[in-house]
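**Q** Have a look at this one before I ask anything.
The values are calculated or read from the model by the stated rules, or taken from the named source; none is laboratory data. Note that this is a predicted model, so its numbers are computed, not measured. We place every Cβ from the backbone using ideal geometry, glycine too, and count neighbours over all the protein chains shown. The accessibility values were calculated without ligands, DNA or RNA, using every heavy atom of the protein model including side chains. Shrake-Rupley method; radii C 1.70, N 1.55, O 1.52, S 1.80 Å.
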Amino acid sequence: MAVATQSQTEELCINSIRFLAIDAVEKAKSGHPGLPMGAAPMAFVLWDRFMRFNPKNPKWFNRDRFVLSAGHGCMLQYALMHLTGYDSVSLDDIKQFRQWESKTPGHPENFVTEGIEVTTGPLGQGIANAVGLAMAEAHLAAKFNKPGNTIVDHYTYVIMGDGCHMEGVSSEACSLAGHLGLGKLIALYDDNHISIEGDTNLAFTEDVGKRFEAYNWHVITVDNTALDHDTNLAAVHKAIEEAKKVTDKPSMIKVRTIIGFGSPNKRNSYSAHGSALGSDEVQATRDFLKWEYAPFEIPNDALSHFRKAVDRGAGSEQEWNKAFADYQAKYPAEAAEFERMVAGKLPEGWDKVLPTYKPEDKADSSRNHSGKCLNALAAVLPELIGGSADLASSNMTLLKGEKDFQKGQYEGRNLRFGVREHAMGAIANGMVLHGGLIPYCATFLVFADYMRGAIRLSALSEAGVIYVMTHDSVALGEDGPTHQPVETIASLRAIPNLLVMRPADGNETSGSYKVAIESRNRPTLMALSRQNLPNLAGSSIEGTAKGAYILSDDDGTPDIILIGTGGETYLCVDAAEKLRAAGKKVRVVSMPCWELFDLQDAAYRESVFPKAVTKRLAVEAASSFGWGRYLGSEGDSISIDTFGASAPGPVVLEKFGYTVDNVVAKAKALLG
């Protein structure tokens with residue numbers, strides 16, 4: 001057999017991507033073949049000619065990051081990973097696309113498939129994650145690179161689609177990226193003009209390029225309008241080269257593609273978007289593209305070309321290792337810190353800086369305690385970086401003495417997200433998944449609803465973001481029910497793998513931060529008070545880590561257990577004293593985190609909530625939803641199952657029954 005020419009080889013490579021996607025979707029009878037068929041040429045140019053990565057070491061630090069924001073087209077990425085030699089995606093894995101326990105799930109998942117940087121699928125999240133990846137690169141480069149010794153130097157590349165542009169989270173994130181001038185962020189826009197319902201002109205007719213220019217992005221257009229003409233590889237190559245030369249702003253390369261390219265009857269149609277082509281159309285596509293290979297067969301010339309990535313990647317990593325060795329020799333302290341941060345190891349004794357409190361210490365809000373924790377931790381954890389959605393002075397999240405992270409000042413650790421909650425969460429996900437950093441982000445608790453998609457993906461992606469949420473109840477007062485979270489905490493507790501912490505005082509706030517910093521594969525959300533709270537006798541960092549623990553108790557079996565969270569815990573403490581004066585045996589349990597308590601062994605859980613004690617009263621200024629699992633059939637709660645009201649905070653709390661006398665009355669009613 002004659003050896004293929006370079007142009008023939010490239011065509012074989014591109015069609016190998018297409019037909020691995022077509023065949024996998026056809027076998028699964030499920031998936032999205034259209035995007036891989038249309039985007040294969042630009043993806044080939046990017047992966048073959050520009051991206052630096054090592055397929056045999058997907059975790060090599062200085063690799064370029066690739067994000068498929070249009071995650072439904074994941075067979076594009078799986079095909080590229082297999083073809084370039086990733087061990088995590090075998091041909092058998094591709095044949096098991098979308099099947100139980102497969103390494104090739106229906107959308108890219110970083111926790112399933114090694115080499116996937118971030119979990120995408122919900123449109124717009126990927127490009128926002130990519131902004132976070134680029135911010136992480138910029139910060140670490142500014143912190144560690146020295147003149148003549150560069151160890152952090154990589155790009156973040158994205159393929160995004162029309163749907164990504166329609167989602168608001170992408171607008172928020174890309175606006176911030178333009179403001180920050182993230183020159184190592186390059187997005188290729190798969191501009192195929194098709195969404196699920198049909199042509200995008202049904203609902204999306206804006207000039208995306210002009211919008212991005214207004215965001216301060218560098219915009220390049222690669223136009224391919226003829227249905228029978230494939231993407232111009234030279235034009236894509238030239239566009240990426242041009243984008244890399246622009247160092248003071250991110251770049252978007254708008255590539256006009258044909259969804260389902262090669263399918264005679266379904267190309268340029270929504271019918272190529274989200275379902276298998278069908279056996280007849282698969283054969284018609286093979287005929288049209290002159291593809292004479294069996295399903296899942298890869299031509300030797302194509303595979304040989306793709307697998308050059310293995311040696312190329314090993315060489316790139318070897319060059320970087322040499323550069324790092326030179327850096328290490330000149331800057332041993334910085335190199336050691338870099339290695340520690342990238343490895344995700346915490347310095348010895350880091351938690352000793354967390355403040356502790358005694359009952360006689362001045363009452364303060366848990367948001368203020370949080371601010372003290374952040375600043376104490378920042379002194380010993382250089383990887384800690386974060387900010388607020390324009391609420392730093394209310395959330396108490398500013399790191400004192402640290403610069404702002406701004407264009408040309410990427411060493412700063414105070415992030416200014418602006419009023420962009422959804423993007424803030426998604427960006428923080430990208431930053432933590434980049435490696436080397438522990439990001440936090442903040443807003444009012446009620447606005448968690450603006451960023452729920454990102455919070456959910458933190459939990460799903462095992463991304464240890466720290467969410468600092470203040471103004472956690474109706475106690476915030478005058479701003480009223482629009483700003484008073486009622487159902488919010490219950491809805492967040494429903495998200496798997498999310499730790500929801502509601503600390504009662506200073507010690508529990510410190511304990512919450514100890515948990516959050518150590519939880520690198522699980523996000524932590526802190527619900528913090530605006531109002532001052534007393535420091536409680538018996539509260540502790542150690543108890544907080546167990547999720548629930550006994551604050552005070554009487555000898556023998558309790559008559560009743562009072563359970564408090566957050567700002568209402570002190571009511572239980574004070575009510576217990578009155579009940580004891582009336583001859584009752586009372587146990588007070590502080591329960592800052594349901595999820596951590598549920599992780600404790602059965603013996604510990606029984607020691608806190610004995611089955612024999614059925615009279616239990618929970619006190620939380622939030623929805624009663626979910627409390628039944630701890631209260632049983634004879635328990636009750638002081639909760640809020642309506643919206644709040646506008647009035648001074650103490651008045652609102654009183655009107656909703658959050659007084660010591662009401663806790664006592666409810667407890668006595670339970671006891672009969």
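**Q** For the list (1) at pLDDT 95 or above; (2) open to solvent by 20 Å² or more (accessible area, probe 1.4 Å); (3) farther than 15 Å from Gly161 by Cβ; (4) in a helix (DSSP H, G or I), I need the number of the one condition that Ile22 fails.
**A** Of (1) at pLDDT 95 or above; (2) open to solvent by 20 Å² or more (accessible area, probe 1.4 Å); (3) farther than 15 Å from Gly161 by Cβ; (4) in a helix (DSSP H, G or I), only one is false for Ile22: (2).
**Q** Out of the residues in the range 457-492 that are open to solvent by 30 Å² or more (accessible area, probe 1.4 Å) and not in a loop (DSSP other than H, G, I, E, B), state the one that is nearest to Glu114 (Cα to Cα).
**A** Leu460
**Q** Regarding Ala647, is this residue more than 35 Å from the chain's Cα centre (by Cα) and either modelled with pLDDT of 95 or more or basic (Lys, Arg) (or both)?
**A** So Ala647 passes the test.
**Q** Something else now. Could you please find all residues in the range 547-574 being part of a loop (DSSP other than H, G, I, E, B) and without any contact (Cβ under 8 Å) to a residue 60 or more places away in the chain?
**A** Gly547, Asp553, Asp554, Asp555, Gly556, Thr557, Pro558
Residue-wise test of (1) touching a residue at least 40 places away in the same chain (Cβ under 8 Å); (2) open to solvent by 20 Å² or more (accessible area, probe 1.4 Å); (3) farther than 25 Å from Ala294 by Cβ.
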{"position": "Glu10", "(1), (2), (3)": "yes, yes, no"}
{"position": "Ile17", "(1), (2), (3)": "yes, no, no"}
{"position": "Gly31", "(1), (2), (3)": "yes, no, no"}
{"position": "Arg49", "(1), (2), (3)": "yes, yes, yes"}
{"position": "Gly73", "(1), (2), (3)": "yes, no, no"}
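**Q** So is Ser510 in contact with a Cys (Cβ under 7 Å, 6 or more places away or on another chain) and either surrounded by 22 or more Cβ atoms within 10 Å (Cβ to Cβ) or not in a helix (DSSP H, G or I) (or both) or not?
**A** Yes, satisfied.
**Q** Looking at (1) surrounded by fewer than 24 Cβ atoms within 10 Å (Cβ to Cβ); (2) within 15 Å of Arg307 (Cα to Cα); (3) of a type outside the set (A, V, I, L, M, F, W, C), which is the only condition Tyr78 fails?
**A** The one condition Tyr78 does not meet is (1).
**Q** Name the single residue, out of those in the range 338-350 being in contact (Cβ under 8 Å) with a residue 60 or more places away in the chain and open to solvent by 40 Å² or more (accessible area, probe 1.4 Å), that is farthest from Asn507 (Cα to Cα).
**A** So, considering only residues that are in contact (Cβ under 8 Å) with a residue 60 or more places away in the chain and open to solvent by 40 Å² or more (accessible area, probe 1.4 Å), the one farthest from Asn507 (Cα to Cα) is Val342.
**Q** Of the residues Arg520, Arg530, which single one is in contact (Cβ under 8 Å) with a residue 12 or more places away in the chain, buried (at least 19 other Cβ atoms within 10 Å of the Cβ) and among the charged types (D, E, K, R)?
**A** Arg530
**Q** Hey, any hits in the range 301-314 for a residue that's in a helix (DSSP H, G or I) and of a type in the set (Asp, Glu)?
**A** Yes, the range 301-314 contains at least one residue that is in a helix (DSSP H, G or I) and of a type in the set (Asp, Glu).
**Q** If you go through the range 652-672, how many residues are open to solvent by less than 40 Å² (accessible area, probe 1.4 Å) and touching a residue at least 40 places away in the same chain (Cβ under 8 Å)?
**A** Summing the residues that are open to solvent by less than 40 Å² (accessible area, probe 1.4 Å) and touching a residue at least 40 places away in the same chain (Cβ under 8 Å) in the range 652-672 gives 8.
**Q** Regarding the range 606-622, can at least one residue be identified that is within 28 Å of Pro481 (Cα to Cα), hydrophobic (A, V, I, L, M, F, W, C) and in contact (Cβ under 8 Å) with a residue 60 or more places away in the chain?
**A** Looking through the range 606-622, at least one residue is within 28 Å of Pro481 (Cα to Cα), hydrophobic (A, V, I, L, M, F, W, C) and in contact (Cβ under 8 Å) with a residue 60 or more places away in the chain.
**Q** Could you count how many residues in the range 576-603 are part of a helix (DSSP H, G or I), surrounded by fewer than 18 Cβ atoms within 10 Å (Cβ to Cβ) and more than 32 Å from the chain's Cα centre (by Cα)?
**A** 5
**Q** Going through the range 272-286 one residue at a time, which ones are in contact (Cβ under 8 Å) with a residue 12 or more places away in the chain and open to solvent by 50 Å² or more (accessible area, probe 1.4 Å)?
**A** Hits for the range 272-286 are Ser275, Ser279.
**Q** Another question, if that's okay. Go through the range 484-517 residue by residue and tally those that are basic (Lys, Arg) and either free of Cβ contacts under 8 Å to residues at least 12 places away in the same chain or farther than 11 Å from Asp472 by Cα (or both).
**A** Of all residues in the range 484-517, those basic (Lys, Arg) come to 493, 502, 514.
Now restrict to residues that are either free of Cβ contacts under 8 Å to residues at least 12 places away in the same chain or farther than 11 Å from Asp472 by Cα (or both): 493, 514.
Going through the range 484-517 one residue at a time, the tally reaches 2.
**Q** Would you pick out the residues in the range 538-562 that are farther than 24 Å from Lys668 by Cα and open to solvent by 40 Å² or more (accessible area, probe 1.4 Å)?
**A** Just the residues of the range 538-562 that are farther than 24 Å from Lys668 by Cα, to begin with: 538-547.
Residues satisfying the conditions are Gly538, Glu542, Ala545, Lys546.
**Q** Going by the structure shown, is Gly649 touching a residue at least 12 places away in the same chain (Cβ under 8 Å), out of contact with any strand residue (DSSP E or B) (no Cβ under 6 Å at 6 or more places or on another chain) and over 15 Å from Ala475 (Cβ atoms)?
**A** no
**Q** Here is a check on your reading of the model: is Asp248 at pLDDT below 95 and not polar (S, T, N, Q)?
**A** No: the conditions fail for Asp248.
**Q** Another question, then. Out of all the residues in the range 52-69, is one or more small (Gly, Ala, Ser) and closer than 19 Å to Asp301 by Cβ?
**A** Scanning the range 52-69, I find no residue that is small (Gly, Ala, Ser) and closer than 19 Å to Asp301 by Cβ, so the answer is no.
**Q** Looking only at residues that are open to solvent by 10 Å² or more (accessible area, probe 1.4 Å) and part of a helix (DSSP H, G or I) in the range 435-456, which one is farthest from His107 (Cα to Cα)?
**A** Step by step, filter the range 435-456, then rank; the result is Val446.
**Q** Now for a different question. Within the range 83-105, restricting attention to residues that are open to solvent by 20 Å² or more (accessible area, probe 1.4 Å) and touching a residue at least 40 places away in the same chain (Cβ under 8 Å), which residue is farthest from Leu20 (Cα to Cα)?
**A** If we take residues in the range 83-105 being open to solvent by 20 Å² or more (accessible area, probe 1.4 Å) and touching a residue at least 40 places away in the same chain (Cβ under 8 Å), then Gln99 is farthest from Leu20 (Cα to Cα).
**Q** Then there is this: Scan the range 417-433 residue by residue and report those that are touching a Leu at 6+ places or on another chain (Cβ under 9 Å), open to solvent by 10 Å² or more (accessible area, probe 1.4 Å) and more than 13 Å from Glu172 (Cβ to Cβ).
**A** Leu433
**Q** Looking only at the range 107-162, filter to residues that are under 25 Å from Asp190 (Cα atoms) and of a type in the set (Ser, Thr, Tyr); which one of those is farthest from the chain's Cα centre (by Cα)?
**A** Taking the candidates together, the pick is Tyr155.
**Q** Could you tell me whether Leu571 is surrounded by fewer than 19 Cβ atoms within 10 Å (Cβ to Cβ) and under 22 Å from Gly543 (Cβ atoms)?
**A** It is false that Leu571 is surrounded by fewer than 19 Cβ atoms within 10 Å (Cβ to Cβ) and under 22 Å from Gly543 (Cβ atoms).
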